[in-house]
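Below is one structure; the comments refer to it alone.
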Amino acid sequence: MDSPSLMLSLVLCGLLLAGLGTRLWLASRQIRHVWRHRDQVPAAFEATVGAQAHRKAASYTVAKARFGMLEAAIDAALLLGWTLLGGLDALNQLLLSWMGPGLWQQLALIGSFALIGGVLALPLSWWSTFRIEESFGFNKMNLGLWLSDLFKGTLVGALVGLPIVALVIWLMGSAGTLWWLWAWGVWMGFNLLLLIVYPTVIAPLFNRFEPLADEALRERVQALMQRCGFSAKGLFVMDGSRRSAHANAYFTGFGAAKRVVFFDTLLKQLSPGEIDAVLAHELGHFKRRHIVQRVVMMFALSLLGFALLGWLSGQVWFYTGLGVTPSLDSANDALALILFMMVVPLVTYFLSPLMAQLSRRHEFEADAYASEHADRRDLASALLKLYQDNASTLTPDPLYARFYYSHPPASERLARLLPTAAGAST
Ligand SMILES: [Zn+2]
């Protein structure tokens, strides 16, 4: 082994250990913190949250954090297996000996890599749904629906993913040294298209989306949307109860495909005023241009990513250092793509606190928008119901929350909405 590839192997091991160590450390902090506070509802919530609900949230949070630890360990082992232990190299050699080099072999490599990864992830996904979610009363899926989701998801993934991957690999082989710039352009176009196609075509394959049926509620909601300058066509109710008792609302898309989606489970639990407030929060995400900000950031980060890939894919040590022997007389583009996709998350994991912080800032901004256009007390009570119904803990470990939470902990959000009631100092 030459020294750059030895160095890369060492960096890989270092990043793997550091990432796994951080994950396990944060999860164990979260478990200890939540467990220590499980018998005492925080003072600010004593009037609104029962002891039993508080304990359920603690048990659920701990169960998920434990599962996350197991997942992190398995992921690290798999990554090591694919790279330094020779898994990807063996798969590549096998396909080369069957098919010979060329675009089809490269596509087969990416396809079979994704398929094997998907199969290996199945037991964990099954366990999460049918053991953890099930035991807390959240799972509404039977095995049939789970399998049909799996089948549809794989099919859509192949239909959408393989053509774009084929195009990128073709560009890598034929567009010269600046291929990565072309590939970036294609990738951006693809993502923008997906932002339109996902809510209108793909998501409806898995769920039913219907306009709000309740007449009185619809009038109320339309009035709010008009006040906020939002097309009334953009509100949908989704049958989330088919799969899970978790309640949610989200915003997605842009332009004509822009929409706010309410889970039916959410509508069942909230009063009309609370629904207004949650909708105002989601509209706030549009009005404060959070989608545009995310898209612009994705543009910039992926340009950086493609430029890096453009450079790395030409370095022999990039392959050998990650446990793969590149072929000298044919293209290694699929190998480069796979290795890059595997290794980049090891680095970006350490950026998750930044991303989480940005996301939490957006949540605060949307909350502020909602308190201007709806009743802030309604938003506060809706949020509390949602935190409770989803068994989200009210007492997360502060460091864990800062690292991962895309939404601020309940205490912080409510303290901003109702500064007097919820004890802003806690
Ligand atoms: Zn939000």
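Out of everything in the range 285-298 that is open to solvent by 60 Å² or more (accessible area, probe 1.4 Å) and more than 13 Å from the ligand (Cβ to nearest atom), what residue ends up being nearest to the chain's Cα centre (by Cα)?
Step one: of the range 285-298, the residues open to solvent by 60 Å² or more (accessible area, probe 1.4 Å) are 287-289, 292-294, 296-298.
Next cut, more than 13 Å from the ligand (Cβ to nearest atom) only: 289, 292-293, 296-298.
Details: Arg289: 20, Val292: 18, Gln293: 17, Val296: 18, Met297: 16, Met298: 14 Å.
Among those residues, the one meeting the criterion is Met298.
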Residue under question is Ala18, and the condition is that it be open to solvent by less than 40 Å² (accessible area, probe 1.4 Å) and part of a helix (DSSP H, G or I); does it hold?
no
Filter result (without any contact (Cβ under 8 Å) to a residue 60 or more places away in the chain, more than 16 Å from the ligand (Cβ to nearest atom) and surrounded by 17 or more Cβ atoms within 10 Å (Cβ to Cβ)) within the range 339-361
Phe340
Residue list for the range 362-409, restricted to those being in contact with a Pro (Cβ under 7 Å, 6 or more places away or on another chain) and within 11 Å of the ligand (Cβ to nearest atom):
Glu363, Phe364
Please find, among His373, His407, the residue that is open to solvent by 60 Å² or more (accessible area, probe 1.4 Å) and touching a helix residue (DSSP H, G or I) at 6+ places or on another chain (Cβ under 8 Å).
His407
Filter result for the condition that a residue is at positive phi, of a type outside the set (D, E, K, R) and touching a residue at least 12 places away in the same chain (Cβ under 8 Å), over Gly284, Gly234, Gly255, Gly240:
Gly255
Quick check on the range 391-401. Is at least one of its residues over 30 Å from Glu133 (Cα atoms), modelled with pLDDT under 95 and assigned to a loop (DSSP other than H, G, I, E, B)?
no
Contacts under 6 angstrom Cβ, first residue in the range 55-70 being surrounded by 19 or more Cβ atoms within 10 Å (Cβ to Cβ), partner basic (Lys, Arg), 6 or more apart:
Ala58/Arg38
Of everything in the range 24-35, what is over 24 Å from Asp389 (Cβ atoms) and open to solvent by 90 Å² or more (accessible area, probe 1.4 Å)? Give them in sequence order.
Trp25, Arg32
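Given the structure, is Leu224 open to solvent by less than 20 Å² (accessible area, probe 1.4 Å) and farther than 15 Å from Phe138 by Cα?
Details: open to solvent by less than 20 Å² (accessible area, probe 1.4 Å): yes; farther than 15 Å from Phe138 by Cα: yes.
Taking the combined requirement at face value, the residue satisfies it.
Counting only residues that are closer than 17 Å to Leu109 by Cα and either open to solvent by 50 Å² or more (accessible area, probe 1.4 Å) or touching a Phe, Trp or Tyr at 6+ places or on another chain (Cβ under 7 Å) (or both), which one in the range 323-335 is farthest from the ligand (Cβ to nearest atom)? If you could, list the steps in order and put the result at the bottom.
We begin by selecting, within the range 323-335, every residue closer than 17 Å to Leu109 by Cα; these are 323-327, 330-335.
Of the ones still in play, those that are also either open to solvent by 50 Å² or more (accessible area, probe 1.4 Å) or touching a Phe, Trp or Tyr at 6+ places or on another chain (Cβ under 7 Å) (or both) are 325-326, 331-332, 335.
Working: Thr325: 47, Pro326: 45, Ala331: 44, Asn332: 42, Leu335: 39 Å.
Going through the qualifying residues, I end up with Thr325.
Residues of the range 93-106 being farther than 15 Å from Met341 by Cβ and surrounded by 14 or more Cβ atoms within 10 Å (Cβ to Cβ), which ones?
Here is the first cut: in the range 93-106, the ones farther than 15 Å from Met341 by Cβ are 93-105.
The answer is Gln93, Leu95, Leu96, Met99, Pro101, Leu103, Gln105.
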Looking at the range 376-390, can you tell me whether even one residue there is within 30 Å of Ile164 (Cβ to Cβ) and hydrophobic (A, V, I, L, M, F, W, C)?
no
Do any strands (runs of 3 or more DSSP E) lying entirely in the range 228-284 carry at least 3 residues that are within 15 Å of the ligand (Cβ to nearest atom) and open to solvent by 20 Å² or more (accessible area, probe 1.4 Å), and which ones are they?
249-252
Over the range 42-62, the set of residues over 12 Å from Gln388 (Cβ atoms) and not in a helix (DSSP H, G or I) is Pro42, Glu46, Ala47
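Results for (1) acidic (Asp, Glu); (2) touching a residue at least 40 places away in the same chain (Cβ under 8 Å); (3) in a helix (DSSP H, G or I), shown as yes or no for each residue.
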position: Leu85; (1), (2), (3): no, yes, no
position: Leu115; (1), (2), (3): no, no, yes
position: Arg131; (1), (2), (3): no, no, yes
position: Glu134; (1), (2), (3): yes, no, yes
position: Trp146; (1), (2), (3): no, no, yes
position: Val160; (1), (2), (3): no, yes, yes
Evaluate the following for Ser9: is it small (Gly, Ala, Ser) and at pLDDT below 95?
no
Unmet requirement for Leu418, which otherwise passes all of (1) within 24 Å of Ala247 (Cβ to Cβ); (2) open to solvent by less than 20 Å² (accessible area, probe 1.4 Å)
(2)
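In the set Ala366, Ala336, Ala401, which member is under 30 Å from Leu303 (Cα atoms), in contact with a helix residue (DSSP H, G or I) (Cβ under 9 Å, 6 or more places away or on another chain) and free of Cβ contacts under 8 Å to residues at least 40 places away in the same chain?
On the way: Ala366 fails: free of Cβ contacts under 8 Å to residues at least 40 places away in the same chain; Ala336 fails: free of Cβ contacts under 8 Å to residues at least 40 places away in the same chain.
Within the list Ala366, Ala336, Ala401, the selection yields Ala401.
The values are calculated or read from the model by the stated rules, or taken from the named source; none is laboratory data. If you're wondering where the values come from, they're calculated on a predicted model, not measured in any experiment. Every residue, glycine among them, receives a Cβ derived from its backbone with ideal geometry; neighbour counts consider all protein chains shown. The area values use the complete protein model at the heavy-atom level, side chains included, leaving out ligands, DNA and RNA. Shrake-Rupley method; radii C 1.70, N 1.55, O 1.52, S 1.80 Å.
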